[in-house]
Amino acid sequence: MPEADNNLDAKNYGIGIPQVPETMLMKGLNELDWGMKDRLARIFNRMSGHTVMLAFDHGYIMGPTSGLERMDLTIVPLIPYADCLMCTRGALRQIVPPTCNKPISLRASAGSTILTELNDECLLSMEECLRLNASMVAVMVAIGSRFEALTVRNLTTMVDQGSRYNVPVLGVTAVGKELVRDARYLSLATRVCAENGAHVIKTYYCESGFEKVTAACPVPIVIAGGKKLPEREALQMAYEAIDQGAAGVDMGRNVFQADCPTAMLQAVRRVVHDGERPEKAYEMYRQMRG
Ligand code: R5P
């Protein structure tokens with residue numbers, strides 16, 4: 001406890017030096033409370049404003065996906081190269097070492113699998129998300145599907161609870177055979193997520209008009225990788241997405257199904273954080289792969 005008497009006089013007031021407020025580099029997120037910003041700052045790199053998230057939550061709808069059969073062997077070695085881990089609570093407790101100190105984007109909605117109709121989902125409790133020290137919670141939103149109202153309700157419920165405890169919400173635009181991934185649909189789906197309070201949106205890249213998708217979305221967008229592409233093409237997609245306004249990637253199969261996943265993740269980092277051109281990033285990938 002500080003003593004009451006005989007202390008040095010306080011005199012270093014920095015008169016004439018204005019106190020400069022630090023602002024977030026990410027759009028739409030400057031007015032959030034401290035805890036919310038702290039969590040987001042763990043996910044997004046302060047210098048680039050971007051993030052490389054590693055997604056391995058596929059098992060919750062697909063079972064033992066190729067590359068995720070033994071996550072202890074395939075995912076754990078990738079963890080050091082990711083800015084954030086996107087996974088289920090099962091995978092988190094089962095294989096992610098708590099000592100890795102990576103922020104977690106926790107999949108917080110689940111329900112149906114590929115054997116039935118996707119997107120009929122319910123929510124984890126916010127209490128469980130806090131227990132797992134989630135830095136962000138991810139909720140599927142299936143705009144245009146039979147489960148549109150249910151999933152928008154899931155999103156708003158999580159945003160309400162996240163606001164209470166300062167946990168940001170990732171709105172994940174859903175996949176589905178009937179959902180077309182063009183700029184018109186993706187603009188609508190991402191904007192609906194943002195308007196309903198999602199702090200970050202995960203969606204797909206589209207070759208035509210993606211800059212309109214990011215422009216019309218008032219919060220950061222990260223792209224999913226989608227099905228496995230040749231490594232050169234996946235790096236090209238990441239480059240174009242960032243170049244057209246995405247704030248990062250949340251990639252799964254194009255990393256853990258690559259010939260050399262650690263090299264691929266490092267090459268993706270060069271594109272996302274350093275703006276490396278895809279041809280150079282691919283060359284780097286080839287060299288690291290050996
Ligand atoms: C989709 O809803 C899941 O959350 C996956 O995490 C997502 O699809 C990203 O993985 P991928 O890059 O393999 O598409």
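Only the coordinates and a few stated rules stand behind these numbers; no lab work does. On a predicted model such as this, the values are computed, not experimentally measured, just so you know. Cβ sites come from the backbone with ideal geometry, for glycine too, and all protein chains shown count toward neighbours.
Looking only at residues of region 159-178 that are assigned to a loop (DSSP other than H, G, I, E, B) and under 18 Å from the mean Cα position of the chain (by Cα), we find that the one that is surrounded by the most Cβ atoms within 10 Å (Cβ to Cβ) is 168. On inspection, residue 127 fails the criterion of being in a loop (DSSP other than H, G, I, E, B) and either among the acidic types (Asp, Glu) or under 25 Å from residue 161 (Cβ atoms) (or both). For region 251-290, residues that are of a type in the set (Asp, Glu) and in a helix (DSSP H, G or I) total 3.
Looking only at residues of region 42-69 that are in contact with a Ser or Thr (Cβ under 6 Å, 6 or more places away or on another chain) and aromatic (Phe, Trp, Tyr), we find that the one that is farthest from residue 25 (Cα to Cα) is 60.
Number of residues in region 179-209 that are over 16 Å from the mean Cα position of the chain (by Cα), more than 16 Å from the ligand (Cβ to nearest atom) and hydrophobic (A, V, I, L, M, F, W, C): the value is 4.
Kindly evaluate residue 75 against the criterion of being more than 12 Å from the chain's Cα centre (by Cα), over 23 Å from residue 270 (Cβ atoms) and not basic (Lys, Arg). When the stated conditions are applied, residue 75 does not pass them. Set side by side, the residues 149, 138, 134, 108 differ, and just one is over 24 Å from residue 34 (Cα atoms) and of a type outside the set (D, E, K, R), which is 149.
The set of residues in region 81-115 that are away from the ligand (no atom under 16 Å from the Cβ) and of a type in the set (S, T, N, Q) comprises 94, 99, 101. Here residue 271 meets the list (1) within 16 Å of the ligand (Cβ to nearest atom); (2) touching a strand residue (DSSP E or B) at 6+ places or on another chain (Cβ under 8 Å) almost entirely, failing just condition (2). Among the criteria (1) touching a helix residue (DSSP H, G or I) at 6+ places or on another chain (Cβ under 6 Å); (2) in a loop (DSSP other than H, G, I, E, B); (3) of a type in the set (A, V, I, L, M), the one residue 118 does not fulfil is (1). Residues that are under 17 Å from the mean Cα position of the chain (by Cα) and more than 13 Å from the ligand (Cβ to nearest atom) were ranked within region 219-235; the one that is surrounded by the fewest Cβ atoms within 10 Å (Cβ to Cβ) is 219.
Of the residues examined, residue 258 is not one that is within 16 Å of the ligand (Cβ to nearest atom), surrounded by 15 or more Cβ atoms within 10 Å (Cβ to Cβ) and farther than 24 Å from residue 69 by Cα. Considering 203, 262, the condition of being more than 18 Å from residue 47 (Cα to Cα) and in contact with a strand residue (DSSP E or B) (Cβ under 9 Å, 6 or more places away or on another chain) is satisfied by 203 alone.
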